[in-house]
Amino acid sequence: VPVAFSGRREIVGVIETYTNMTAVVAGVRRTQRLIWTGTVTIGLLLYVLMVLVVRNATASQRSALAGSEARFRSVAQSASDGIVLADPGERIIAWNNSAGMIFGYGEAEAVGMPLVHLIAERDRSAQWPGLVARTRSAGRTSVVELHGRKKDGTQFPLEISLSTWKGGGAVCLSGHSFLNR
């Protein structure tokens, strides 16, 4: 049935009447299925594209991180000062060749060892706890002269520059050992 305003010849709309709505409902459902199928398909394609982009970005980020770590290890291993890195529990997680020469341990022996084992007994309880606490609370480098302890038990004068760094959301310690002359 055409719809027009009185006195005008233009048709402004159409009214459809049905005696059986089954065909209309089936047509609406078909349209809904097409819309949902298209939406899901586009969504899946976007998801796959996003995964591919993330994987490629992650691979390039891993590559950049590996390069950065290799450069850090190269610089740390070539340093003449002993460099010791420890985790929040003050256990050694890495050190350089010079630290091995100073303290007499290989890196494999030292990793996992409490950092305090490198400090002579007489300074462990007197100076060490306060030094660590001050460094952590101040968030800046602390320098102190004390006595180190080698693998064979020999004690020697040692100057330590202790600083904090963020690693995995936790505060860790890095110590740079200089033989005190």
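The values are calculated or read from the model by the stated rules, or taken from the named source; none is laboratory data. This one's a predicted model, so the numbers in the text were calculated from it and none came from an experiment. Methodologically, a virtual Cβ is constructed for each residue, glycine included, from the backbone with ideal geometry; neighbour enumeration extends over all protein chains shown. Side chains included, ligands, DNA and RNA excluded: accessible areas come from the protein's heavy atoms. Shrake-Rupley method; radii C 1.70, N 1.55, O 1.52, S 1.80 Å.
Any idea which residue in the stretch 149-158 is farthest from L85 (Cα to Cα), counting only those that are at pLDDT below 90 and of a type outside the set (F, W, Y)?
Residues of the stretch 149-158 that are at pLDDT below 90, as a first pass: 156-158.
Of the ones still in play, those that are also of a type outside the set (F, W, Y) are 157-158.
Numbers: P157: 20, L158: 17 Å.
Result: P157.
Can you go through R134, R140 and tell me which one is within 25 Å of the chain's Cα centre (by Cα), open to solvent by 30 Å² or more (accessible area, probe 1.4 Å) and at pLDDT below 90?
R140
List every residue pair whose Cβ atoms sit under 6 Å apart, with the two residues 6 or more apart in sequence or on different chains, where the first one lies in the stretch 14-31 and is under 21 Å from V3 (Cα atoms) and modelled with pLDDT of 80 or more and the second, anywhere, is among the charged types (D, E, K, R) and loosely packed, with under 10 Cβ neighbours inside 10 Å.
Within 6 Å, no pair qualifies.
State yes or no: is Q127 closer than 20 Å to P157 by Cβ and either loosely packed, with under 13 Cβ neighbours inside 10 Å or not hydroxyl-bearing (S, T, Y) (or both)?
yes
How about the stretch 8-27: which of its residues are assigned to a helix (DSSP H, G or I) and loosely packed, with under 10 Cβ neighbours inside 10 Å?
The answer is T22, A23.
What number goes with the only condition from (1) exposed (fewer than 11 other Cβ atoms within 10 Å of the Cβ); (2) at pLDDT 80 or above; (3) hydrophobic (A, V, I, L, M, F, W, C) that L46 does not pass?
Checking L46 against (1) exposed (fewer than 11 other Cβ atoms within 10 Å of the Cβ); (2) at pLDDT 80 or above; (3) hydrophobic (A, V, I, L, M, F, W, C), the one that fails is (2).
Just checking, which of S6, S98, S74 is over 30 Å from G139 (Cβ atoms), among the polar types (S, T, N, Q) and at pLDDT 75 or above?
After ruling out the rest, the residue left standing is S6.
Just the residues that are over 18 Å from Q155 (Cα atoms), touching a residue at least 40 places away in the same chain (Cβ under 8 Å) and either of a type in the set (F, W, Y) or in contact with a Phe, Trp or Tyr (Cβ under 8 Å, 6 or more places away or on another chain) (or both), please, taken from the stretch 85-114.
Matches in the stretch 85-114: L85 only.
In the stretch 58-111, how many residues are assigned to a helix (DSSP H, G or I), in contact with a helix residue (DSSP H, G or I) (Cβ under 7 Å, 6 or more places away or on another chain) and open to solvent by 60 Å² or more (accessible area, probe 1.4 Å)? So that I can check it myself, show each step before the final result.
Of the residues in the stretch 58-111, the ones assigned to a helix (DSSP H, G or I) are 58-78, 97-103, 107-110.
From what's left, in contact with a helix residue (DSSP H, G or I) (Cβ under 7 Å, 6 or more places away or on another chain): 77, 97, 100, 103, 107.
With the extra rule that they be open to solvent by 60 Å² or more (accessible area, probe 1.4 Å), the set shrinks to 97, 107.
Within the stretch 58-111, residues that are assigned to a helix (DSSP H, G or I), in contact with a helix residue (DSSP H, G or I) (Cβ under 7 Å, 6 or more places away or on another chain) and open to solvent by 60 Å² or more (accessible area, probe 1.4 Å) number 2.
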